[in-house]
Amino acid sequence: MTRVDVLVVGAGVIGLATAFHVKQQCPSCSIALVDKHPGPGHGDTGRSAAAFRAFFYSRTNMALAATSIAFYRSIQERENFDLGMKFIGYLFLLSEEKYGALEPVLQELRRRGLGYRVIDAGELEERLGLRTRVRGDEEAELMGLEDIEVGILAENAGIMRPERLVEYYHTRIREMGVETIYNTRVERLIVEPEEPLGLAYEPLPWQRARVAGAVTQHGEIRADVTIIAAGAESPMLLDPIGVDVHAKPKKRQVFVLRANTPGLQRLLHAEGFNPYGVMPFILLPKGVYVRPAPEENAFWVGASDHLGRPFAWEPDPQPEEPYYTYGVYPILRSYLPAFNGARPAAAWAGFYDISIDGQPVVFSEPGLVVAAGTSGSGIMKADAVGRIAAALALGKKKAVLYGGEEIDADILGTKSRRIEDEKLVI
Ligand SMILES: Cc1cc2nc3c(=O)[nH]c(=O)nc-3n(C[C@H](O)[C@H](O)[C@H](O)COP(=O)(O)OP(=O)(O)OC[C@H]3O[C@@H](n4cnc5c(N)ncnc54)[C@H](O)[C@@H]3O)c2cc1C
């Protein structure tokens, strides 16, 4: 049996950021970080498209993303630790109707000082080879595709390398003395009465119960605070002790398309959007995205669908070829004809850990902190989520985000949630 002050379950970006901030704020705390995989970042963190944007309407959403991105930027620029961050921009392609509906939201963002550029259809056609007029095309009509009126290019946005962010936090926590324990599955959490009486069936309903650590496949680890940062698998540890994370796993897939034609080369290296001479991260209608991967001379393509696919977790999720062929590709080539005939050279699948409002879920119970529900934006918000989880673990009411902004530590709780609606929904 091992004893620590703080046990973190999950060495994804959330568990790593949390361990980092707990240790920074409490250097004398003994901390163990445990994961079933042989190393850090082997869960959904390693399967991420790793795009980021500080461009949200909800102030909480914005604070989480903007401060995390600023922190990562400081790592890359001041600490000279390359996270592969490229501020290539995030391009939302909007129909006339969608643009009309979003205009007040965009104006409000402008008023708050958020930089973006409105790009007209002509420029999009010229720079990206985008087909903005799809109406009248039989296939496009069938899919309900709309003509593109404008592109909104968010500037404080881009792509990064999640494995480098993992390496950063992992290196730092080890330097600070956090113990990392790999190849070790947590089987269950230990729940005990705060004052055990040695009675059968403890904790009894009238006793105050608390989480006292975890049973792993290699023995017990007891802790004053156990932090569950097990991503999409968090419910599997929390449901059995009656704690509801209010988030569910949904499969998401990424397909790699090589830039192996002159048309795709032109698209990948589209000029005029950023100083890198690379196309921005593009969000097409119907939730299809195209992320440039210039170092691989390729694109990563994926989609976020809503109704019809299960909330379900599986140990080794596989990409589905028909999902690409019938779901993603027809939209892709309708708007970007350069992709005509493009077949995936590689693909992978992982899970979004989807909460009710698409925001992370961070809360505490006696002896327990939960940091999950990152809903497909956990890379871009990990540092702030880690700071909030660390504040809860250390019994603080406020978390200090990078740059000094204070935020209530219970703001992302399931019962104490106080988050504005995200109105920038494309
Ligand atoms: C296809 C895809 C694209 C994405 N694109 C983006 C994007 O563009 N931008 C963005 O910001 N985010 C994106 N995300 C989301 C982002 O990757 C996640 O939000 C983030 O990685 C979640 O981190 P995590 O630490 O919560 O989970 P994980 O990285 O999954 O880490 C959880 C860890 O817990 C461990 N674990 C679980 N259960 C146990 C147990 N019982 N015992 C021991 N260990 C356990 C797992 O092994 C795992 O290592 C994407 C995700 C996917 C799948």
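Just so you know, all these numbers are worked out from the coordinates, no wet-lab data involved. The structure presented is a predicted model; accordingly, all values stated were derived computationally and were not measured. For neighbour counting, all protein chains shown are included, and Cβ atoms are generated from backbone atoms with ideal geometry for every residue, glycine included.
The table for this structure:
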item	result
Sum of side-chain charges, Ala212 neighbourhood, beta-carbon under 14 Å (Lys, Arg +1; Asp, Glu -1)	-3
Chymotrypsin sites (Phe, Trp or Tyr not before Pro) within region 120-210: DSSP coil, no more than 14 neighbouring Cβ in 10 Å	Tyr182, Tyr201, Trp206
The chain - convex hull of the alpha-carbon atoms, volume per residue in Å³	144 Å³
Spherically averaged projected area in nm², based on the convex hull that wraps the Cα atoms of region 264-357	7.6 nm²
Net charge contributed by nearby residues that have their C-beta within less than 15 Å of Asn340 (K/R +1, D/E -1)	+3
Relative contact order of the chain, defined on C-alpha pairs under 8 angstrom at six or more residues apart (%)	25 percent
Residue among Arg291, Arg208, Arg59 with the largest mean-square fluctuation in a Gaussian network model of the chain, springs linking Cα atoms under 10 Å	Arg208
Contact order relative to length of region 260-321, as percent, for alpha carbon pairs under 8 angstrom and 6 or more apart	19 percent
Degrees, to the nearest 10: 162-176 long Cα axis against longest axis of the chain	30 degrees
Under the Debye formula (equal points on every Cα, no solvent term), log10 I(q)/I(0) of region 1-87 at q = 0.21 Å⁻¹	-1.19
Compactness of region 354-426 - radius of gyration and Dmax, Cα, Å	11.9, 39
Loop-located trypsin sites (Lys or Arg not before Pro) in region 104-193 whose Cβ has at most 16 other Cβ within 10 Å (DSSP)	Arg112, Arg133, Arg135, Arg185
Cα-based shape type of region 1-149, given that a ≥ b ≥ c are square roots of the gyration tensor eigenvalues and the cut on a/c is 1.5	prolate
Region 97-232 shape via C-alpha gyration tensor axes, a/c threshold 1.5	prolate
Cβ-based charge dipole, region 116-257, positive-most Cα from Ala200, Ala154, Leu237	Ala200
Helix 96-111 vs. the chain, principal-axis angle (Cα, 0 to 90°, nearest 10)	60 degrees
Size of electric dipole in region 240-325: Cβ of Lys, Arg +1 and of Asp, Glu -1, about Cα centre, debye, nearest 20	220 debye
Within the chain, longest stretch clear of exposed GluC sites (Glu not before Pro) (DSSP loop, no more than 11 other Cβ within 10 Å)	80-270
Sorted by Cβ neighbour density within 10 Å, fewest at the top, the residues Val211, Val8	Val211, Val8
